[in-house]
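Trainee: Let me give you the structure first, and then I'll get to my questions.
The values are calculated or read from the model by the stated rules, or taken from the named source; none is laboratory data. Everything numeric in this text was worked out from a predicted model, so none of it was measured. For neighbour counting, all protein chains shown are included, and Cβ atoms are generated from backbone atoms with ideal geometry for every residue, glycine included. We work out accessible area using only protein heavy atoms, side chains counted, and drop any ligands, DNA or RNA first. Shrake-Rupley method; radii C 1.70, N 1.55, O 1.52, S 1.80 Å.
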Amino acid sequence: MNGFDDAYEGALSLSARAMMAARGGEPGYLEGLNAAQREAVETLDGPVLMLAGAGTGKTKALTTRIAHLIHTGRARPNEILAVTFTNKAAREMKERVGRLLGGAIEGVPWLGTFHSVCVKLLRRHAELVGLKANFTILDTDDQVRLLKQLILAANMDEKRWPARQLAGLIDGWKNRALTPERVRGAETAAFNNRGSELYAAYQERLVTLNAVDFGDLLLHMVTIFQTHADVLAQYQRWFRYILVDEYQDTNVAQYLWLRLLAQGHRNICCVGDDDQSIYGWRGAEVGNILRFEKDFPGAAVIRLEQNYRSTEHILAAASRLISGNEGRLGKTLWTEARGGEKVRLIGHWDGEEEARWIGEEIEALAAGRRALGPVRLSDQAILVRASHQMRAFEDRFLSIGLPYRVIGGPRFYERLEIRDAMAYFRLAVSPEDDLAFERVINTPKRGLGDKAQARIQSLARETGVGLLEAARLMVAEGELSGKAGGQLRQFVEAVDRWHAEIRAASPATAVTAAEDDELLIEPEEGGIAPANDHSHVRLAERILEESGYVEMWLNDKTPEAPGRLENLKELVKALEQFDNLQGFLEHVALIMDNDRDESGDKVSIMTLHGAKGLEFPVVFLPGWEDGLFPSQRAMDETGQKGLEEERRLGYVGITRAERLCTISFAGNRRVYGQWQSQLPSRFIDELPAADVEVLTPPGLYGGGFGAAGAYGGAGAGFSGGSRLEERAGRADVYNSPGWKRLQAQGGQSAAPARRGAQVFDADAEDFEIGERVFHKKFGYGRVVATEGDKLVVDFEKAGEKKLLASFVVPAAQAGEVPF
DNA sequence: CGCGGCCCTATTTTT
DNA sequence: TAGGGCCGCG
C-alpha cells in the first residue's frame with residue numbers, strides 16, 4: 001500500500017533519459033502531445049481551465065505539465081501543489097511524473113488527495129482550531145457512534161432520528177464549508193430542530209477528544225486560512241503553482257480552499273469535465289467548474305476533445321446522450337478511429353435472463369466467437385447503477401463458473417477485526433484516545449459490560465480525565481469487585497506497558513514546530529522506511545496477542561473467523577513498510593484504499609460510480625430501466641438536477657468502453673422481493689439510431705425491444721413531447737406480459753406513479769412551515785423548511801427528507817388524489 | 001451475556 | 001426478499 005512512495009522515489013532517481021531526449025531544443029516529453037494537450041502543458045502562468053473529455057489524455061497533460069514546470073525551472077518540485085480526489089489517482093500521477101522527470105530532482109511535488117495535503121497542513125496549525133498536533137482522524141464509524149451518544153444525551157429517540165442521518169447532514173454542511181454558527185435559516189430546523197445544535201455539540205466533543213472527521217480536515221484549513229492571514233500568505237508564497245484533478249467533483253469547502261491558496265498568483269490549473277460530474281449527491285458542485293472563468297478572469301480555457309479510447313459509434317452514442325443536458329460547457333469529442341462495432345441494445349424478459357445472456361456473451365467474446373476476436377475476461381466489465389444489481393451476476397457467474405471480480409464492496413480497513421486492531425494500536429500510541437478505549441475495553445469480553453463502562457464514564461466526567469485514567473483510578477480505589485476489577489487492572493497495565501514501549505522507541509514524536517517562513521516538512525507521505533528494525537511490528541503482534549484479541553477469533557467457530565485472522569496477519573504485514581505505529585495510523589486513516597488483487601483473468605463487476613476513470617475494451621451496461629436507471633430516488637430528491645446527473649452517469653458508463661458497449665434492460669425485475677414490471681430507460685430513447693444495433697433475442701418473447709419501430713418511424717421523435725402518451729402508444733411493441741400487465745395496472749409501476757405525483761405542479765412557496773403534506777412514497781409529514789424549490793419535510797414514517805415541492809401535496813388534498 | 005426472533009428498511013461512496 | 005439492529009428471554 002505504501003509501495004508507490006518507494007516507486008516514486010526510485011523513479012525520480014532514474015537516469016534523466018526522458019529529459020535528455022530533447023529534440024530541436026525541446027524536452028522529449030513534449031513529443032506525442034496533440035495541439036490542445038501541448039497548450040495545456042505550456043500555458044504555465046495564470047489560471048487555466050482544462051476541459052478534458054473522457055479518454056482525451058488529461059492525466060498525460062496534467063503530469064506532463066508538472067514535469068514541464070520543473071524542467072523549465074519555473075518552480076521547484078516542492079513549490080507545486082497537485083491535488084486529486086483519490087489515492088489511486090494520486091499514485092498514478094506520482095508514478096507518471098516520476099517517469100517523466102527521471103533525473104536527480106531536488107524534492108518532490110506536493111501531490112496527494114485534498115485530505116492528505118490538508119492533514120499535513122493541519123498538523124502544523126492544529127492549535128489555531130483548538131487541537132493538538134497529534135489529533136486523530138475519525139472514520140465514519142467513529143463519527144456515527146459519537147453522534148449517537150449525543151443524540152441520546154439530547155433525549156431524542158435514536159430510532160426516529162438516526163445518527164447516520166445526522167452524520168450525513170453534518171457532512172453536507174462541512175462540504176459546504178458551514179461551521180455550526182454559519183448554519184442558518186431553514187436548515188437550523190433540520191433534524192427535529194436540533195440539527196445545528198447537535199452539530200455544535202459534536203464539534204465541541206471532537207475538540208475535547210482531540211479528533212477530527214474527514215470533513216474537518218478541509219473545513220479547519222479553510223477556517224484557518226480565513227482567520228489567519230499570515231498563515232495563508234505563507235502558503236500562497238509556498239505553493240506557487242497549483243493543479244487540480246477532477247475539478248468538477250470539488251465541493252464548496254475544497255473550492256474555497258483552492259481559491260484562497262490561488263488568489264495571489266492565480267497560477268492554478270483545474271482539469272475537469274462537467275459531463276462527468278456524478279458526485280453532486282455528496283456535495284460536489286458542478287457550479288465550480290462552470291464558473292471558473294468568472295472566478296479567474298482571463299483564464300485560458302483549453303478543451304481536450306480528441307478521444308483516444310472509443311470507436312466512433314460509442315463516442316456518438318455517448319455524445320448524443322449527454323447532449324440532453326442543459327447548462328454544459330460543451331465539448332465535441334471526436335476520434336480518428338473509423339468503423340468499429342455499434343453500441344448494442346437488447347431487452348430481456350427479466351433480470352435473471354439478462355444476467356444469463358450477459359454471461360453467455362462474455363464467454364462468447366472470450367472464446368473469440370464475436371467479430372472482435374478473443375477478448376480476455378479482464379478486458380470485460382459490467383457496470384451497474386446500484387450495487388444490489390451485482391447479485392444477479394454473481395449468482396449466475398458462480399453457477400456457470402465464470403471468474404469475476406467485484407470492485408468496490410467492503411474495504412479492508414473497514415472490516416470489524418481491522419478496526420478493532422487499529423483501536424488497540426491507537427490506544428497504545430495515545431492512551432487518551434477515548435473512542436479507541438470504548439471500542440476495545442470489552443473486546444474480547446472482559447466482563448466489563450454496560451454497567452462497568454458507565455461507571456468509568458461517569459468517573460471520567462467527574463474528575464475530568466480520560467477513560468483510561470478513570471479506569472486506573474477505579475482500579476486503584478478497588479471500586480470494581482472481583483473478576484471485572486482484575487480484568488480492568490490487567491487491561492490498564494497492558495496499555496501502559498505498550499505505551500511505554502512506544503515512547504521508549506521514539507521519544508520525540510512531536511511534530512516540529514512550524515517555522516515562519518519556510519515549509520520544512522516534506523510533502524511525501526510517511527513510511528519510506530530505511531533502517532527499520534521492525535520492533536513496532538513485533539509490538540503490534542504482541543498487542544494483539546496480549547489483549548486476547550487473536551485468541552478471541554481462534555475460539556470463534558463462525559465461518560468468518562479464519563478469514564478475520566488472515567486479515568489480521570495482513571494488517572501486521574502492512575506495518576512492515578512503516579517506521580512506527582504512529583506513522584502507520586496516520587497513513588491508514590487517509591488511505592482507505594481497497595486495491596484487491598488485480599491479478600487473474602476475471603470479469604469486473606462494479607458500479608458506474610466506481611468505473612469512473614477506468615476503461616475496458618468491452619463494457620456491459622445492464623438495468624437501463626426507468627426508476628432503476630435513471631434512479632427514481634435521484635429524480636425524486638433533486639428533480640431535473642438529479643436526472644441530469646443520472647444522464648452523466650450514463651455518459652460515463654458508455655465512454656468507459658473502447659470497442660464494444662452493450663446496453664440492456666429487463667421487462668420484469670424483482671424489487672425488494674416483489675416482481676415489478678419495468679419500462680426501458682428514457683435514456684435509451686435518447687440514443688442515436690444510426691449508432692445503435694438492436695439485438696432481438698431469438699425465441700424469448702415476441703418483438704424484443706420496441707426501438708426498431710421507434711427508430712424507423714418516429715426517429716428523433718422520442719425526445720420531447722408527452723412521453724407518457726408515446727409510451728402508451730408503443731405498448732404494442734412491448735409485446736410482453738410484463739409490459740401488458742403494466743398497462744393494465746396503470747399506476748402500479750414507478751414511471752406512471754411519478755407522473756401521478758407530478759400532477760401537482762406546486763412550488764415550495766405554496767407551502768407553509770408546519771403544513772401537513774402527503775407524499776406518494778413517504779406518506780404524511782410536516783413541512784420543516786423551504787429551500788428554493790425544495791421542501792424539507794419531516795415524515796411520520798420516513799423521517800426527514802428533502803424533496804421537490806412538486807412531489808408533495810397538502811395533506812387535505814391527498815384524499816382526492818388518484819394515486 | 002448470548003442467542004433467537006421480530007421489525008424495519010431498502011442508491012450511488014471517497015477521504 | 002434479505003440483512004441489520006433491537007429487544008426480551010434464558
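Trainee: Contour minus end-to-end for A:ASP141 and A:GLU181, with contour as 0.36 nm per residue of separation and end-to-end as the Cα-Cα distance?
Mentor: 11.9 nm
Trainee: Roughly to the nearest percent, how much of the accessible area of the range A:555-646 is carbon and sulfur, given a 1.4 Å probe?
Mentor: The computed percentage sits at 49.
Trainee: Let me ask something else. Using the Cβ atoms and a cut-off under 13 Å, what net charge is assigned to the surroundings of A:MET390, where Lys and Arg are +1 and Asp and Glu are -1?
Mentor: +1
Trainee: Could you work out how much longer the chain between A:TYR308 and A:GLU479 gets when fully extended? Use 0.36 nm per residue separation minus the Cα distance between them, nm to one decimal. Provide the component values of the computation, followed by the final result.
Mentor: Working: separation 171, 0.36 × 171 = 61.56 nm, distance 7.19 nm.
Taking 0.36 nm per residue and subtracting the Cα distance, the gain is 54.4 nm.
Trainee: When a/c reaches 1.5 or more, the comparison of a/b and b/c decides; with that in mind, is the range A:206-311 rounded, prolate or oblate per its Cα gyration tensor? Working shown, then result.
Mentor: Numbers: a/c = 2.52, a/b = 1.44, b/c = 1.75.
Oblate, because a/c is 1.5 or more while a/b does not exceed b/c.
Trainee: Okay, moving on. Which net charge results for the neighbourhood of A:ILE80, defined as the other residues with beta-carbon distances under 11 angstrom from its beta-carbon, given Lys and Arg at +1 and Asp and Glu at -1? Before the final figure, lay out each step's value.
Mentor: Working: positive: A:ARG65, A:ARG74, A:ARG76, A:ARG240; negative: A:GLU79.
Taking every Cβ under 11 Å from that of A:ILE80, the sum is +3.
Trainee: Return the loop-located trypsin sites (Lys or Arg not before Pro) in the range A:79-152 (DSSP other than H, G, I, E, B) with at most 15 other Cβ atoms within 10 Å of their own Cβ; answer none if there are none.
Mentor: A:LYS132
Trainee: While we're on this one: Compute the relative contact order of the range A:136-209 as a whole-number percentage, counting only Cα pairs closer than 8 Å that sit 6 or more residues apart in sequence. Walk me through the intermediate numbers first.
Mentor: Numbers: 46 pairs, mean separation 20.0, N = 74.
Result for the range A:136-209 is 27 percent.
Trainee: Right, another one. Considering amide H positions built from the backbone, and no H for Pro or chain starts, which residues 5 or more places from A:PHE620, or on another chain, come under 5 Å of its amide H?
Mentor: Here A:ALA381, A:ILE382, A:LEU383, A:THR662 satisfy the definition.
Trainee: A follow-up question, please. Given the whole protein assembly as supplied and a 1.4 Å probe, what does the accessible area of A:ARG237 come to in Å², nearest 10?
Mentor: Roll a 1.4 Å probe over it and A:ARG237 shows about 140 Å².
Trainee: Kindly report the accessible area of the range A:190-271 per residue (heavy atoms of protein chains, probe 1.4 Å, no ligands, DNA or RNA), in Å².
Mentor: Dividing the accessible area of the range A:190-271 by its residue count gives 30 Å².
Trainee: Moving to a separate point now. Take A:THR558, project a point 7 Å from its Cα along the Cβ direction, then tell me which residues of the range A:356-394 have their backbone nitrogen under 18 Å from it.
Mentor: Under cut-off, by backbone N: nothing.
Trainee: Relative contact order, percent, of the range A:35-183 when contacts are C-alpha pairs under 8 Å separated by at least 6 residues?
Mentor: Reported relative contact order: 15 percent.
Trainee: Which distance in nm do the two modelled labels at A:ALA505 and A:SER399 give, with both placed 7 Å along the Cα-to-Cβ direction?
Mentor: Between A:ALA505 and A:SER399, the label points sit 5.1 nm apart.
Trainee: How much length, in nm to one decimal, is gained on full extension between A:GLU598 and A:HIS228, taken as 0.36 nm per residue of separation minus their Cα-Cα distance? Mind dumping the intermediate values first?
Mentor: Numbers: separation 370, 0.36 × 370 = 133.20 nm, distance 4.56 nm.
That works out to 128.6 nm of additional length.
Trainee: If you add up the charges near A:GLN263, with Lys and Arg at +1 and Asp and Glu at -1, over every other residue whose beta carbon is less than 14 angstrom from its beta carbon, what do you get?
Mentor: +4
Trainee: Now for a separate question. Points 7 angstrom from Cα along the Cβ direction at A:LEU152 and A:ARG328: gap in nanometres?
Mentor: 5.1 nm
Trainee: Quick one: order A:THR332, A:THR43, A:THR63 from most to least accessible surface, probe 1.4 Å.
Mentor: Final ranking, largest accessible area leading: A:THR332, A:THR43, A:THR63.
Trainee: At most 13 other Cβ atoms within 10 Å and a DSSP loop assignment: could you name the trypsin sites (Lys or Arg not before Pro) in the range A:397-481 that fit?
Mentor: Taking the range A:397-481 and a limit of 13 other Cβ atoms within 10 Å, the loop trypsin sites (Lys or Arg not before Pro) found are A:ARG411, A:LYS445.
Trainee: Using the beta-carbon distance between A:ARG160 and A:ARG391 and R0 = 41 Å, what value does 1/(1 + (r/R0)^6) give for FRET efficiency, to the nearest 0.05? Mind dumping the intermediate values first?
Mentor: Working: r = 31 Å, r/R0 = 0.75.
Efficiency, rounded to the nearest 0.05: 0.85.
Trainee: Related question: Nearest 0.05, what FRET efficiency do A:ARG538 and A:LYS569 give at R0 = 22 Å with Cβ-Cβ as r?
Mentor: Approximately 0.95, to the nearest 0.05.
Trainee: Residues of the range A:299-314 with the amide nitrogen closer than 18 Å to a label point 7 Å from the Cα of A:GLU693, along Cα-to-Cβ, please.
Mentor: A:310-314
Trainee: At a 1.4 Å probe radius, carbon and sulfur cover how many percent of the accessible area of the range A:136-209?
Mentor: Accessible surface attributable to carbon and sulfur in the range A:136-209 totals 48 percent.
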